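Worksheet: one structure, shown below.
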Amino acid sequence: MTDSTGCLDEQLKKRNDLFIVTMVVIIDGREYEDGINILPNDLAQIMKNTSSIPTTSQPSIGTFTELYKKLEQNFDRIVSVHVSGRLSGTVNSSLQAAKLVSIPVHVFDSELISYPMTLILKKLINEVENGSSIEDAFQIARTYRSNHETYVLIGSLEQLHRSGRLSSVKYILGSLLKLKPIISIQKGVLETKEKARSELKVENRIFEWYRAASESIRECCILYGSTPEQAGRWREKILSITPDIKVPIYPLGSAISVHTGAETLGISWFNEK
């Protein structure tokens, strides 16, 4: 099981044993189900026509409990992989619901978002299907998780601030000085790694880090809000540095874009030690 902040590739979409709980985006009092009746492009258009502060809501304990009880009828255990527990309460809801059902539920905090979280999910699936115990698979996934690097160019500092994920001081200083922060994900938390005066300088800095790590990179992906063309340009730059790796492009999803801005762009890779 996973949640809608992740992006499923075609291989995962074909599985009949993978289930998704959806995040909820709330705008002007109306609730939208992430990935079902609202997509990042929809969100960008809605945001242009509202002055309200959009919010998100994680799946409730009741939602998890209901799904777990349904799965009890056909499965003997559940592995539940979710968006960083330090960015969302989804992991906690899953853990609390696990106490209310008889089927064993193993919850894994990916400490990541979007497709990088999905790569953690795929790693766990692969390990379990190749005979690893849940405990061993979780340990392998923790090691894999620790080798990631994720950098994000935030589309809207204002939205990040309004969502409570950027302090007022950092927001004011960034706005006054016209600084563009490079956000990284460290142990599940958004951290400002560096600041630059322009998006071009941010981009150049991110690709400096990519080149430095390129010999150990085996998996990489591009994440975007509503700017697939820019994501495609980043992909071409990556392939010019590491032409032999696959570089999928995936949308961040509305439940994330509502906090970061529609024009957010990111890159994530996993280093092989």
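Brief remarks on what is shown
- The Cβ shell under 13 Å around M23 holds other residues with a net charge of -4, Lys and Arg each +1, Asp and Glu each -1.
- Estimated purely from DSSP H runs of n ≥ 4, each contributing -39500 (n - 2.57), the mean residue ellipticity at 222 nm for the chain is -12500 deg cm²/dmol once divided by its residues.
- Antiparallel content of DSSP bridges confined to the chain, in %, to 5: 75
- Mean-position separation - Cα centroids, the stretch 23-74 and the stretch 215-273, in angstrom: 24
- From most to least packed by mean Cβ count within 10 Å, the peptides 220-230, 115-125, 249-259 give 249-259, 115-125, 220-230.
- Residues whose placed amide H lies under 5 Å from that of D3, excluding near-sequence neighbours: V21, V83
- In order along the stretch 42-56, the Karplus-derived 3J(HN,Hα) couplings, from 6.51 cos²θ - 1.76 cosθ + 1.60 at θ = phi - 60°, round to 4, 4, 4, 5, 5, 5, 5, 10, 9, 9, 6, 8, x, 10, 10 Hz, and Gly and Pro are given as x.
- Only lysines eight or more places from K69 in sequence, or on another chain, were considered; those with a Cα closer than 16 Å are K99.
- Pairs beyond 21 Å (Cα-Cα), from K123/K246; K123/K193; K48/K193: K123/K193; K48/K193
- Principal semi-axes in Å for the stretch 66-134 [√(5λ), Cα gyration tensor, largest first]: 20, 17, 9
- Relative packing of 184-194, 208-218, which averages over residues the other C-beta atoms within 10 Å, highest first: 184-194, 208-218
- Inverse of mean 1/r across different Cα pairs in the stretch 27-119, Kirkwood, Å: 15.0
- Across the chain, Cα-Cα pairs more than 25 Å apart make up 46 percent of the total.
Any read-out appearing in this document is the output of simple, stated calculations on the displayed coordinates, not a laboratory observation. These numbers were taken from a predicted model, which means no experiment stands behind them. With ideal geometry, Cβ positions are generated from the backbone for all residues, glycine too; neighbour counts draw on all protein chains shown.
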